[in-house]
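The values are calculated or read from the model by the stated rules, or taken from the named source; none is laboratory data. Source: prediction; values computed, not measured. Backbone-built Cβ (ideal geometry, glycine too); neighbour counts: all protein chains shown. Ligands, DNA and RNA are stripped out before the accessible areas are found, and what is left, the full protein with its side chains, is counted by its heavy atoms. Shrake-Rupley method; radii C 1.70, N 1.55, O 1.52, S 1.80 Å.
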Amino acid sequence: MIKRVALYARVSAKGQSTDQQIDQLRSAANLHGYNIIKEYVDDGISGIHDRDRRPALDEMLNDCLKRRFDLVMTVSIDRIGRNISNLIETVNHIQSAKIDICFLRESLDTTSPAGKMMLHLFGIIGSYERDMILERTQRGREFAKKNGVKFGRPRVVTETTRKTVRMMREQGVSIKDISTTLNLGKSTVYAALN
């Protein structure tokens with residue numbers, strides 16, 4: 001059975017061309033006797049962006065779910081994603097649709113057991129990277145809290161605001177007028193009174 005293949009190319013900057021990538025992909029597909037179903041091209045879009053900012057990648061991933069092809073070919077891993085977590089997410093999406101992926105430059109092809117193993121190793125590395133980022137973030141927060149840094153939304157009701165609201169209310173000013181005069185929401189005015 002002849003494999004149906006999707007080709008994906010991307011360049012980061014306007015003025016660059018995907019022509020060379022597409023040419024390499026077409027040659028590889030023809031060499032293997034694959035039937036090219038569609039060429040997906042993102043021009044001038046960085047690989048750090050998620051699929052919502054990469055229209056061709058998004059279309060290709062949607063077509064994966066429709067099983068329009070059996071294999072996705074791209075010139076290099078960095079055409080799919082610039083960071084490991086983005087790459088793993090995209091590859092997992094493709095593979096969850098039972099579609100293989102081939103990276104020409106890295107000679108990585110999930111149609112072989114060795115290729116599948118390498119992608120699983122990337123998944124392990126991606127998971128490790130995410131865990132390390134979370135751990136460093138948590139340590140940073142703890143250190144900052146220990147040094148007096150406050151997290152969350154700043155308080156609107158300061159002691160000065162509280163005194164002003166109470167004084168105005170004691171003078172008979174309505175909640176609505178206090179809210180308008182001090183540019184506070186009504187709930188903030190009520191909070192200052194309590």
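One entry in [x] 147; [y] 198; [z] 108 is volume of the Cα convex hull per residue in Å³ calculated from the shown coordinates; its label is [y].
Which whole-number value in Å² is the accessible area per residue of the range 1-93, probe 1.4 Å?
Heavy-atom accessible area per residue stands at 50 Å².
For the pair Ile36 and Ser96, a Förster radius of 25 Å applied to the C-beta separation gives a FRET efficiency near 0.65, rounded to the nearest 0.05.
Is the shape of the range 1-85 rounded, prolate or oblate, going by the alpha carbon gyration tensor and its root eigenvalues a ≥ b ≥ c, with a/c under 1.5 for rounded and a/b larger than b/c for prolate?
It is oblate, given that a/c is not under 1.5 and a/b is not larger than b/c.
For a straight C-alpha distance cut-off of 24 angstrom, the lysines reachable from Lys176 (same-chain residues fewer than eight places away being disregarded) are Lys163, Lys186.
Label separation (Glu89 vs Thr158): 3.9 nm, computed from points 7 Å beyond Cα along the C-beta direction.
State the percentage of accessible surface on the range 94-187 attributable to carbon and sulfur atoms; use a 1.4 Å probe and exclude ligands, DNA and RNA. Carbon plus sulfur share of accessible area: 55 percent. In a reduced charge model with +1 at each Lys and Arg Cβ and -1 at each Asp and Glu Cβ, the range 78-117 shows a dipole moment near 20 debye about its Cα centre. For Leu108, the residues whose amide H sits under 5 Å from its own are Phe103, ignoring neighbours fewer than 5 places away on the same chain, with H placed 1.01 Å from N. Under the convention that each Lys and Arg Cβ holds +1 and each Asp and Glu Cβ holds -1, the size of the dipole of the chain around its Cα centre is about 1140 debye.
The range 88-110 and the range 3-25 have Cα centres separated by 16 Å. Spin-label pair Arg67-Ser17: with each label point 7 Å from Cα along the Cα-Cβ axis, the two points sit 3.9 nm from one another.
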